[in-house]
């Protein structure tokens with residue numbers, strides 16, 4: 001039974017199509033160029049989308065070549081407070097990859113690189129106490145676990161798509177979520193104004209930049225205090241802590257067995273957030289035990305005078321403008337304190 | 001590889017470049033076959049052998065069928081094709097569903113048996129190429145077609161990448177004759193094909209994913225308690241989302257095929273302006289509904305054995321059509337609802353046709369409105385992840401939401417969704433029977449240029465969350 005219709009066989013004339021096509025391309029080009037210029041004038045800057053696919057792409061580099069280099073496993077404190085290029089310089093030109101995930105524990109990421117026989121470099125593992133020691137299952141563990149699962153099932157094509165997208169995103173303001181048509185419309189209808197530049201943006205290296213200048217920091221401080229008090233999960237029982245330390249020790253041992261190493265890092269926190277962290281996770285019971293059980297080196301900001309002088313404007317994260325200096329100083333401290341571990345990262 | 005990706009644009013540009021080379025027609029068909037295999041392997045190369053198994057098996061079975069001297073042998077050969085094709089589909093697509101339901105049945109009956117759960121990855125496109133391949137064998141069995149002589153052409157028919165993953169479900173007689181003559185797109189075909197691609201990706205990326213999907217996802221998430229407004233907005237939004245998603249994919253497929261000089265059949269024709277449910281199924285996923293009609297409904301006896309048998313055949317066809325969409329009872333209910341709508345329409349048609357007003361504009365408008373509302377209602381079961389969610393939404397739609405319900409959507413979200421779907425309905429009503437080329441020619445060129453400009457701008461700037469085309473999962 002021949003029942004199909006083929007409207008594609010009734011193609012309009014090429015003259016009309018050509019005119020429509022060329023005019024549309026030209027006008028769209030002008031409009032897009034104008035919009036790009038306009039958004040930039042309003043203070044917008046290009047930024048990439050910090051997606052699981054971008055994480056996968058970066059993660060794949062950690063296992064490439066000889067598997068050496070430094071990987072940063074942590075949360076937004078690492079993403080915003082450390083500059084991969086600066087750390088690379090401070091450690092003598094090693095490859096530094098930012099694998100931290102916003103609002104996440106570094107533990108599933110440590111597990112992932114420990115499982116990966118091809119990786120044998122240095123892990124800088126952030127210990128943000130409420131994230132690292134919290135009891136699972138909770139979001140701070142499941143999110144990075146999903147990233148890892150996505151990485152293990154990624155395809156060549158997905159990587160290439162991410163490469164292409166990132167190349168465009170880091171050049172065009174037009175690709176920011178904030179200036180998507182529906183968001184512009186929403187902003188116009190709800191707030192009767194055009195969108196304002198976001199305080200944060202991500203670079204292709206997955207470094208996160210945030211500009212808090214001119215912001216009222218009090219609500220942010222309150223929000224972080226609330227979150228650190230309750231939202232990151234429960235404090236572990238002694239047995240749970242013991243199991244966690246055992247788990248971490250085995251990861252560290254596996255990495256060391258093939259020439260890699262792990263240095264734990266505690267990033268700066270200030271004000272109420274620091275008080276909460278110290279109260280819920282006393283240093284002696286958690287940080288010191290972690291270093292003792294794993295036999296690893298650790299750098300905690302509070303015990304290094306040059307790092308201890310840094311303050312977080314909203315109590316939880318370093319100011320982006322201070323990140324290069326902080327990174328440099330941390331790099332120097334690492335070389336001073338753990339030269340053997342730094343050597344694992346490669347030349 | 002999806003049509004709304006940058007890698008696809010690159011792939012298309014390279015494939016078109018290779019297709020334009022001054023090579024023999026046979027060499028260019030080989031190139032298309034290689035490109036199609038790469039396109040498929042980009043998802044999961046492990047399933048490529050499965051696709052080639054289906055191609056090879058039906059190719060040889062059809063030849064053997066044609067050469068068979070006895071009806072018994074022909075039946076056996078057809079049986080082999082049906083068992084092999086449908087068996088693979090059943091194993092990969094319905095394996096977990098069948099094992100879970102069997103175990104549930106055993107448990108209910110108190111039978112101390114446990115069937116091991118079949119947990120396999122669903123090979124993309126299997127529902128589509130299985131139906132295409134079966135159509136070929138069935139056509140040869142019925143004597144409507146002779147086995148095609150070129151294996152290359154037959155392979156290209158099943159694997160041609162524009163339609164491979166999510167249709168349209170192409171029939172052998174629609175595609176294979178196109179392989180006989182050298183095909184190279186004219187300039188007009190190339191431009192029109194690209195325009196269809198832009199329109200399709202716009203429908204998918206901007207309308208379906210950007211405007212409608214977030215609202216739908218919120219209301220249909222398990223545990224959500226929508227109020228009546230939110231439930232109706234979500235049902236409306238999903239009706240728009242699935243149309244833009246699937247019709248958008250079909251437009252892309254037709255457009256891309258045209259860029260290579262091939263014609264694929266239309267898959268949608270203003271379905272939301274349908275004057276009844278049989279009309280709806282002549283306009284929605286046309287290639288599937290006509291496949292089900294020709295190979296299932298007619299094989300069951302169609303309308304040749306009296307009204308009762310006709311109604312049973314309709315119900316069976318729609319129930320199986322529902323199941324084709326996914327291994328879940330919610331899809332079966334969706335199909336069942338459409339079966340009931342079709343049966344009700346057949347029963348009521350004589351009475352309605354006797355009413356004078358029903359034949360006028362008011363009657364036509366009422367028919368479109370009733371059809372659309374019922375279709376929207378049925379979509380709830382199609383979209384809901386489980387019956388609990390479906391019943392929550394349906395309950396809210398009929399005003400039965402509890403006092404704590406609501407607060408899921410802003411008024412602006414609902415307004416945008418309703419406006420988008422209203423524009424979609426108005427356009428479909430206005431251009432109910434007009435094919436796209438005629439619509440294009442009926443509007444001034446500057447209006448078309450304006451629309452294409454707006455689509456291009458929206459496409460570049462709409463870079464939200466990537467979602468797979470809904471029909472990929474089927």
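Readers should treat all values here as calculations from the given coordinates under stated rules, not as data from a laboratory. The structure presented is a predicted model; accordingly, all values stated were derived computationally and were not measured. Quick reminder, even Gly has a Cβ in these numbers, built from the backbone with ideal geometry, and neighbours come from all protein chains shown.
Over all directions, the projected convex hull of the C-alpha atoms in region A:154-202 averages 4.4 nm² in area.
Taking packing as the residue-averaged number of other Cβ atoms within 10 angstrom, the listed peptides B:375-381, B:204-210, A:307-313 run from highest to lowest as B:204-210, B:375-381, A:307-313. Shape descriptor for region A:141-253: Rg over Rh equals 1.08 (Cα atoms; Rh from the Kirkwood inverse mean 1/r). How large is the Kirkwood hydrodynamic radius of region A:86-180, counting all unique pairs of alpha carbons, in Å? About 15.9 Å for region A:86-180. Among B:29, B:146, A:49, sorting on how many other beta-carbon atoms sit within 10 Å of each Cβ, with the fewest leading, yields B:146, A:49, B:29. With an a/c value of 1.5 or above and a/b larger than b/c for the gyration tensor axes a ≥ b ≥ c computed over the alpha-carbon atoms, region B:181-242 is described as prolate.
The Cα trace of chain B gives Rg and Dmax of 23.2, 72 Å, the first to one decimal, the second as a whole number.
Taken along its principal axes, the alpha carbon cloud of region A:9-77 reaches lengths of 59, 41, 18 Å, longest axis first.
Eigen-decomposition of the gyration tensor built on the alpha-carbon atoms of chain A gives equivalent ellipsoid semi-axes of 42, 25, 20 angstrom, largest listed first.
Normalised by 2.2 N^0.38 Å, with N the number of residues, the alpha-carbon radius of gyration of region A:238-321 equals 1.24. Find how many whole Å separate the alpha carbon centroid of region B:241-256 from the alpha carbon centroid of region B:1-52. About 19 Å separates the Cα centre of region B:1-52 from the one of region B:241-256. Round to the nearest 10 and give me the degree value, 0 to 90, for the angle of helix A:181-191's Cα axis relative to the longest principal axis of chain A. With rounding to tens, the tilt is 80 degrees. Between residue B:347 and residue A:33, the simple spin-label model (points 7 angstrom out along Cα→Cβ) gives 6.6 nm. Of the peptides B:254-265, B:97-108, the order by per-residue mean of other Cβ atoms within 10 Å, starting with the highest, comes out as B:254-265, B:97-108.
Calculated translational diffusion coefficient of region B:334-416 (4 °C, 1.567 mPa s; Stokes-Einstein with Kirkwood radius over alpha-carbon pairs) equals 85 µm²/s. Counting only Cα atoms, I'd like the Rg/Rh figure for region B:69-124, Kirkwood definition for Rh. Rounded to two decimals, Rg over Rh is 1.20.
List the relative contact order of region A:61-152 as a percent without decimals, with contacts defined as Cα pairs under 8 Å and 6+ residues apart.
37
The ranking of A:202, B:70, B:218, B:389 from fewest to most other beta carbons within 10 Å of each one's beta carbon is B:70, B:218, B:389, A:202.
Here region B:209-266 is described by how far its Cα atoms reach on the three principal axes: 50, 17, 14 Å, from widest to narrowest. Considering only A:74, A:295, A:43, the mean-square fluctuation computed in a Gaussian network model of chain A, springs between alpha carbons under 10 angstrom, is largest for A:43. The value for region B:232-365 of Rg(Cα) / (2.2 N^0.38 Å) is 1.18.
Spin-label model, residue B:90/residue A:321: points 7 Å from Cα along the beta carbon direction are separated by 7.1 nm.
Shown here is the pair-distance distribution of region A:189-278: with all Cα-Cα distances grouped in 5 Å bins from zero up to the longest one, the shares run 2, 9, 10, 13, 17, 16, 12, 10, 5, 3, 2, 1, 0 percent.
Springs between Cα atoms under 10 Å define the GNM used for chain A, and in it the highest mean-square fluctuation of A:93, A:298, A:18 occurs at A:18. The mean number of Cβ atoms from other chains found within 10 Å of a Cβ in peptide B:443-453 is 5, as a whole number.
Computed over region B:397-447, the Cα gyration tensor eigenvalues convert (square root of 5λ each) into semi-axes of 37, 13, 6 Å, ordered from largest to smallest. Measuring spread by the Cα atoms of region B:376-427 yields a radius of gyration and Dmax of 12.9, 37 Å.
The alpha carbon radius of gyration of region A:188-238, expressed as a multiple of 2.2 N^0.38 Å, is 1.69.
Let me have the 222 nm mean residue ellipticity of chain B computed from DSSP H runs of 4+ only, each contributing -39500 (n - 2.57), with the sum over all residues rounded to the nearest 500.
-22000 deg cm²/dmol
Taking the Cα atoms of the protein assembly as shown, the ratio Rg/Rh between the radius of gyration and the Kirkwood radius comes to 1.01.
Here, P(r) means the percent of Cα pairs in each 5 Å bin from 0 to the largest distance; for region A:27-152 it is 2, 10, 18, 20, 16, 11, 7, 7, 6, 3, 1, 0.
The share of alpha-carbon pairs in region B:346-474 lying farther apart than 21 Å comes to 66%. Kirkwood radius for region A:277-347, taken over all pairs of different Cα atoms as the inverse mean of 1/r, rounds to 13.8 Å.
Seen from a random direction on average, the alpha-carbon convex hull of region B:88-186 projects onto 9.0 square nanometres.
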